[in-house]
Amino acid sequence: MLLSIFFGISAFLVFVLLNIPYAVVMAAIVGVFDLIPGIGATLGISLVCLIILPQGIWLSLKVLVGCILLQQVEENLLMPRIMQGSINMNPVVMFFALLVGARIAGLVGVFLSIPIAGVLISLFDIDAMRGEAELEESACQDKT
């Protein structure tokens, strides 16, 4: 939810900078579609670009490029940090789990890979694959 709010607000700023009419509505569309895991942001961006297309192809391309840049920032910089805090998993392990899940089971694997990796890390008590916050906690408990 936090990522979708960020994406909606940042898309709104891009739309205002590009003088897009109904920027709030367009940003809301992008933000709501971003709630769909995996492909939602792409669907939202595509829909907004199609809505803006009659106003000019260059404007639509500017919106497309701006939103794709925002999506990459969200998915590559913010998402691993936020997800690490919520499931306490190393971002590298999370990325690897997504790759393996997508390769083995496609789109369903993408959705199931992070929860399965979290269960395996907890089940086998693998400290090297946990996030930094839990490692500091366990180190403090070991000292006492």
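Can you tell me the accessible area per residue over the stretch 6-55, all protein chains present, probe 1.4 angstrom, in square angstrom?
Solvent-accessible surface per residue comes out at 54 Å².
Determine, from the Cβ-Cβ distance of I68 and L112 and an R0 of 30 Å, the FRET efficiency 1/(1 + (r/R0)^6), rounded to the nearest 0.05.
0.70
Rg and Dmax of the stretch 1-120, Cα atoms, in Å?
Calculated on Cα positions, Rg and Dmax stand at 15.8, 51 Å.
Would you please give the FRET efficiency between Q55 and I5, computed as 1/(1 + (r/R0)^6) with r the Cβ-Cβ distance and R0 = 35 Å, to the nearest 0.05?
Once the sixth-power term is evaluated, E becomes 0.85.
Which percent of the accessible heavy-atom area of the stretch 9-48 goes to carbon and sulfur, probe 1.4 angstrom?
Whole-percent figure for carbon plus sulfur exposure: 82.
The values are calculated or read from the model by the stated rules, or taken from the named source; none is laboratory data. Computed from a predicted structure; not experimentally measured. Positions of Cβ are generated from backbone atoms using ideal geometry, with glycine treated the same way; all protein chains shown enter the neighbour counts. What goes into the accessible areas is simple: the full protein's heavy atoms, side chains included, and nothing from ligands, DNA or RNA. Shrake-Rupley method; radii C 1.70, N 1.55, O 1.52, S 1.80 Å.
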